[in-house]
Amino acid sequence: MGMTMSQKILAAHAGLPKVKAGQLIEANLDLVLGNDITTPVAIDVCEKMHGKGVFDKEKIALVMDHFVPNKDIKSAEHTKQVREFAAEYGVVNYFDVGEMGIEHALLPEKGLTVAGDLIIGADSHTCTYGALGAFSTGVGSTDMAAGMKTGKAWFKVPSAIKFVLTGKPAPFISGKDIILHIIGMIGVDGALYQSMEFVGDGIQYLTMDDRFTIANMAIEAGGKNGIFPVDEKTEEYMKAHSHKTPTVYSADPDAEYTAEYTIDLSALRPTVSFPHLPSNTKTVDEAGDVKIDQVVIGSCTNGRISDLEIAAKILSGKHVAKGLRVIVIPATQAVYLEAMEKGYLKTFVEAGAVVSTPTCGPCLGGYMGILAAGERCVSTTNRNFVGRMGDVTSEIYLASPAVAAASALTGYITDPAKV
């Protein structure tokens, strides 16, 4: 029996000719990621381990993004600890105010992740880099500490589910709609500790931003990772952003999958996840009259330039609904600058929205958009658990930037084709 893409990457990094689902392996890492929330814990563990320093100062990325610019004294102390650790051990890829961005948008943009890499990060959405044909997954801070110190990590080789994407998506159908549809179909534990491997002729119609979004939310279906095959779009992206040499892996024809799903992209409608699970999905046609108080456009899921572009096109020359708060957060400094040069930021401000520096901010209930009791928010983020963005009685409706922007104009969940 052959191997999947993910299994081939794990085998190569473990120095083994072959691995199979359920096998325990120790593998060499290409990159270890942490942020301002998870890294302080990892540093405390790292300092207790034998010896000083890190395994490779160029293969660690520390991104200050969750509560940065610092929202309070505690977040300032956490960031200071990471800043001093990076300086002491010469960590090359340390990103702070002025250089930082939301980590899972920043790392591919900076060329730190390419096809064939094995990446762990102390953040659950580390699975984003599977869009480039890498194996990337989230771990706890203790595993991050071990990774920083040794450059190795233990893995249980995952089994895999194949998702065959066919057809061409209709206008306003994005990667967010596709992954929300899939999560709604299989559930939040439908791919528990499995690789979600995407194939099919429909992939050719997906931008890299679409693929990043889909891979990013693999964890919301319980997936160990999400991964796409490498095609011309992938190669062009890597050439434009990275000096690293990618290694391209393909699944064997006889690779084993625990399940296979076929999704006709041409049949999809704009999709929204209702509270309080990403799997609680409805199309905009089924949404009904849901009045909202806030819209957030941004995050590691949907804060890239194409996300801001579609939102700006919908909002251009119009104004957000009276009494509605709209917060736009470019994912990185580069995205911010490009959006400024293209006039998107001017469009947002003229439409009655505010624009933030890059930060995770409201996504995890951190700051820059916390919800009060009973308030409702349409958000392009990735989770809508109870209390995720504020008060436990508040509600989050996950949607694409197009749906979010259209809803901002009406004050209700709205089909972007109708504004």
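The residue of the range 93-119 that is nearest to residue 308 (Cα to Cα), among those that are assigned to a loop (DSSP other than H, G, I, E, B) and acidic (Asp, Glu), is 99.
The condition of being more than 21 Å from the chain's Cα centre (by Cα), over 17 Å from residue 116 (Cα atoms) and open to solvent by 40 Å² or more (accessible area, probe 1.4 Å) does not hold for residue 232. Scanning the range 282-309 for residues that are farther than 18 Å from residue 215 by Cα and either part of a strand (DSSP E or B) or β-branched (Val, Ile, Thr) (or both) turns up 282, 283, 284, 290, 291, 292, 294, 295, 296, 297.
Being modelled with pLDDT under 95 and under 29 Å from residue 133 (Cα atoms) narrows it down to one residue among 100, 49, 5, 64; which is it? On inspection, the qualifying residue turns out to be 100.
Considering only residues in the range 214-226 that are of a type outside the set (D, E, K, R) and under 11 Å from residue 194 (Cα atoms), the one that is surrounded by the fewest Cβ atoms within 10 Å (Cβ to Cβ) turns out to be 222. Within the range 14-42, the residues that satisfy the criterion of being crowded, with 22+ Cβ neighbours inside 10 Å, over 18 Å from the mean Cα position of the chain (by Cα) and outside any loop (DSSP other than H, G, I, E, B) are 27, 39, 42. Residue 180 meets the conditions (1) under 15 Å from residue 162 (Cβ atoms); (2) in contact (Cβ under 8 Å) with a residue 40 or more places away in the chain; (3) surrounded by 17 or more Cβ atoms within 10 Å (Cβ to Cβ) in every case but one. The failed one is (1). Taking every residue in the range 211-225 that is modelled with pLDDT of 95 or more and pairing it with any residue that is open to solvent by less than 10 Å² (accessible area, probe 1.4 Å) and among the aromatic types (Phe, Trp, Tyr), at least 6 positions away or on another chain, the pairs with Cβ-Cβ distances below 6 Å are 211/228; 225/135.
Screening residue 102 against (1) in contact with a Cys (Cβ under 6 Å, 6 or more places away or on another chain); (2) within 25 Å of residue 27 (Cα to Cα); (3) open to solvent by less than 30 Å² (accessible area, probe 1.4 Å) leaves a single unmet condition, (2). Among the residues of the range 66-88, not a single one is of a type in the set (Lys, Arg), under 22 Å from residue 119 (Cβ atoms) and part of a loop (DSSP other than H, G, I, E, B).
The values are calculated or read from the model by the stated rules, or taken from the named source; none is laboratory data. Keep in mind the model is a prediction, meaning the values are calculated, not measured. In this analysis, Cβ positions are derived from the backbone assuming ideal geometry, glycine residues included, and neighbour counts consider all displayed protein chains. Just so you know, the surface numbers come from the protein's heavy atoms only, side chains and all, with ligands and any DNA or RNA stripped out. Shrake-Rupley method; radii C 1.70, N 1.55, O 1.52, S 1.80 Å.
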